[in-house]
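Notes follow once the structure below has been shown.
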Amino acid sequence: MGLGVEIAYEGDSWPDTFEGLATRAVTVSLLHFGLTPSAFEVSILACDDARIAQLNADFRQKGAPTNVLSWPSDGRAAEIEGDLPELPALPMDAELGDIAISYDTCAREASESCKSFEDHVTHLMVHGTLHLLGFDHIRDGDAELMERLEAEILGKLDIANPYS
């Protein structure tokens, strides 16, 4: 049994490869922390800029599109800056949360940074998964930890460090 990933598509821009990219990114992210992917569920909304802008306004009071948003099912953030958050415990934390990702912003950012769309989407799915696990980038120490972990996980996927 594999990771429980449920994807809802809004719009027809997303390539057929998105489900595989998303599932692989979430799976490798969980494995990085010794978690068993088949024990967890993640819901993903693959949408466009209009929809993600609406979500960004509703949940973050920012009325502009963004690349990815995450809603962890539980507050796991580390109390001490730069520390690891409390990782999910089974069976109660099986549902990790929800991720929304915008095709328009992803495609634009990939083009502007001369990266492949697939690599950029994979990076954003790793980023979103780390948020579901309790990581954040508000405090400097937390941001440094999150960027380092993203680079490590992307390295396992043969994707270059997006921060170098």
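ILE52: net charge of surrounding residues, Cβ under 12 Å, Lys/Arg +1, Asp/Glu -1, itself excluded? Don't skip to the end; give the middle numbers.
Working: positive: ARG51, ARG60, LYS62; negative: GLU10, ASP48, ASP49, ASP58, ASP104.
Every neighbour counted, the sum reads -2.
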Worksheet item: For the residue pair LEU84 and ILE7, what label-to-label distance in nm results when each label sits 7 Å from Cα along the Cα-to-beta-carbon direction?
Response: 2.9 nm
Discussion item. Quick check on the chain: helices-only [θ] at 222 nm, where DSSP H runs of length 4 and up contribute -39,500 (n - 2.57) each and the sum goes over total residues. Nearest 500, please.
Written reply: -14000 deg cm²/dmol
Discussion item. Could you put GLU79, GLU152 in order of accessible surface area, largest first, with the 1.4 Å probe and the full protein assembly present?
Written reply: GLU79, GLU152
Practice prompt. Quantify, in whole percent, the carbon and sulfur part of the accessible surface of the chain (1.4 Å probe; protein heavy atoms only).
Written response: 49 percent
Response to the item:
Env charge @ GLY11, Cβ radius under 11 Å, K,R +1 / D,E -1, value -4
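Please work out the average accessible area per residue across the stretch 17-151, using the 1.4 Å probe convention, and give it in Å².
Values: 6360 Å² over 135 residues.
I get 47 Å² per residue for the stretch 17-151.
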Worksheet item: Rounded to the nearest 10 Å², what accessible area does GLU41 show when all protein chains are kept and the probe is 1.4 Å?
Response: 100 Å²
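What is the sum of charges around GLU109, taking Lys and Arg as +1, Asp and Glu as -1, for the other residues whose C-beta is under 12 Å from the C-beta of GLU109? Intermediate results must be reported in sequence, preceding the final value.
Working: positive: ARG108, LYS115; negative: ASP49, ASP104, GLU112, ASP119.
Charge balance near GLU109 sits at -2.
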Item to complete: Scan around ILE44 for amide H atoms under 5 Å from its own, H built in the peptide plane at 1.01 Å from N, and keep only partners 5 or more places away or cross-chain.
Response: GLU6, ILE7, ALA8, ILE99
Worksheet item: Taking the structure as given and computing Rg/Rh (Cα atoms, Kirkwood Rh), which label from [x] 1.26; [y] 1.52; [z] 0.94 fits?
Response: [z]
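The values are calculated or read from the model by the stated rules, or taken from the named source; none is laboratory data. Keep in mind it's a predicted model, so treat the numbers as computed, not measured. We place every Cβ from the backbone using ideal geometry, glycine too, and count neighbours over all the protein chains shown. Heads up: the accessible areas ignore ligands, DNA and RNA and are worked out on the full protein's heavy atoms, side chains in. Shrake-Rupley method; radii C 1.70, N 1.55, O 1.52, S 1.80 Å.
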